[in-house]
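Below: the structure, in structure tokens.
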Amino acid sequence: DTANNTIDSLYYSPAWGGQDGTSLERRSYARLATLATNWSGSEAASGATPGAQNSVTTSVSVGAQPLAIVMNEIMFAPLSPEPEWIELLNTSPDTVDLGGWQVNVGHYSAKTIPFGAALVPPDSMIILTSNDSILALLRQIPRDKIIVIKLPTLSNSGSTVTLRDPSNNIIDSVSYDGAWIHTDGTSIERIDPAQPGWLSLNWKACQDTSGCTIL
């Protein structure tokens, strides 16, 4: 910039893609340019997309709007051996990179979603849990739909869960009450993703016979 600060830089390798008439396209502007995994050869029929959105997966990470990603379903009182989990829904028109996002549970310190963990396409869901192996087995969920994160214990009596982007902006928050469910093994489900998560009337105990409707 005008103060001689480096704003963006990379030393690319032909091994990253973009050869023989095909350009090299960045996948996510929010991730480092120096990461080889953040680049790929153009998938456009013309071989490049100058002045237009890249043909490879692009994503938003920082600057997401409130309720762009919402907590859609929460299992805070599972039956053993199922782990606790939180289902996230992308309500935005953009693919969202959750790398660097944080989850706060009650008074516990925030837990950060690792970079490279997941790109969530529009109208898609992803699961946060501390034990992907057991959850995948019990609920028959593909591993690529689960992000492993050391979630603090979700109190059965109630707690506040907050989702923040890498700039510490609150994107969604819910304060649930344990009385919302009558038996363990039942999740709570969001009624309207467009409405705030802190509205108690926007949540209801799952009525499915399995106890949840995960993914």
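The values are calculated or read from the model by the stated rules, or taken from the named source; none is laboratory data. Keep in mind it's a predicted model, so treat the numbers as computed, not measured. Cβ atoms come from the backbone with ideal geometry, glycine included; neighbour counts cover every protein chain shown. Remember, those area values only see protein heavy atoms, side chains included, never the ligands or the DNA or RNA. Shrake-Rupley method; radii C 1.70, N 1.55, O 1.52, S 1.80 Å.
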**Request:** Give me the percent of the accessible area of the chain that comes from carbon and sulfur atoms, probe 1.4 Å, all protein chains in place.
**Result:** 51
**Request:** Please build a GNM for the chain, connecting alpha carbons under 10 Å apart, and tell me which residue among Ala64, Ala179, Ala15 fluctuates the most.
**Result:** Ala15
**Complete:** Excluding residues fewer than 8 positions from Lys111 in its own chain, the aspartates and glutamates with Cα under 14 Å of it are Asp165
**Item:** Convex hull per residue volume in Å³, alpha carbons only, for the chain
**Value:** 155
**Prompt:** For Ser80 and Ala205, what is the calculated FRET efficiency with R₀ set at 25 Å and r taken between the beta-carbons, to the nearest 0.05?
**Reply:** 0.80
**Complete:** Contact order relative to length for the stretch 15-120, counting C-alpha pairs under 8 Å separated by 6 or more residues, stands in percent at 19
**Asked** Using Cα pairs under 8 angstrom and six or more residues apart, how large is the relative contact order of the chain, in percent?
**Response** 17
**Request:** Report, in debye and to the nearest 20, how large the dipole of the stretch 1-105 comes out about its Cα centre when Lys and Arg carry +1 and Asp and Glu carry -1 on their Cβ.
**Result:** 260
**Complete:** Using a 1.4 Å probe on heavy atoms of the protein chains only, the accessible area for Ser173 in Å², nearest 10, reads 30
**Request:** Could I have the simple spin-label model distance between Trp198 and Ser124, label points 7 Å from Cα toward Cβ, reported in nm to one decimal?
**Result:** 3.1
**Solvent exposure of the chain as accessible area per residue, Å², 1.4 Å probe** = 52
**Request:** Report the residue, chosen from Thr153, Thr112, Thr37, that carries the largest GNM mean-square fluctuation when the chain is represented by alpha-carbon nodes joined by springs under 10 Å.
**Result:** Thr37
**Request:** Name the residues whose placed amide hydrogens come within less than 5 Å of the amide hydrogen of Ile171, ignoring near sequence neighbours (fewer than 5 apart) on the same chain.
**Result:** Leu163, Arg164, Asp165
**Request:** When you have a sec, figure out the Kirkwood radius of the stretch 43-145 from all distinct Cα pair distances and drop it here in Å to one decimal?
**Result:** 15.4
